[in-house]
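Asks: Below is one structure. I have some questions about it.
Where a number appears in this text, it was derived from the coordinates with a stated rule and is not lab data. All values reported here derive from a predicted model rather than from experimental measurement. Here the Cβ positions follow ideal geometry from the backbone for every residue, glycine too, while neighbour counts run over all protein chains shown.
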Amino acid sequence: MQRFADDERLPWQEQALCAYVDPDVFFPEKGGSSREAKRICAQCTVQRECLDYALANDERFGIWGGLSERERRRLKKLAS
């Protein structure tokens, strides 16, 4: 999840579990595992809001709402 100044945060981001974890977990190196990030996302109460944000803002890197960039692209393609 992108880090924002307090006045730039969206309301749902205050509840996001990723705000309390090292951001590197959500931006694995190419070929690295996203398992830990997805595990955290699966437990997060604002996972849907996060995914909606990533899709609406065309986030191209990292794990957002429990999905990788490739998974988000596939989801967008299916939705269109």
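Asks: Please give, to one decimal in nm, the separation of the simple spin-label points placed at GLU14 and GLU36, each 7 Å out from Cα toward the Cβ.
Replies: About 2.9 nm separates the two model spin labels.
Asks: Once Rg and Dmax of the Cα atoms in Å is worked out from the coordinates, which option in (i) 31.0, 77; (ii) 22.6, 71; (iii) 12.1, 35 does it equal?
Replies: It is the one labelled (iii).
Asks: If you place +1 on the Cβ of every Lys and Arg and -1 on the Cβ of every Asp and Glu, how big does the dipole about the Cα centre of the chain come out, in debye to the nearest 20?
Replies: The calculation lands at about 620 debye.
Asks: Under the rule of -39500 (n - 2.57) per DSSP H run of 4 or more residues, summed and divided by the residues of the chain, what mean residue ellipticity at 222 nm is obtained, to the nearest 500 deg cm²/dmol?
Replies: It comes out at -11000 deg cm²/dmol, rounded to the nearest 500.
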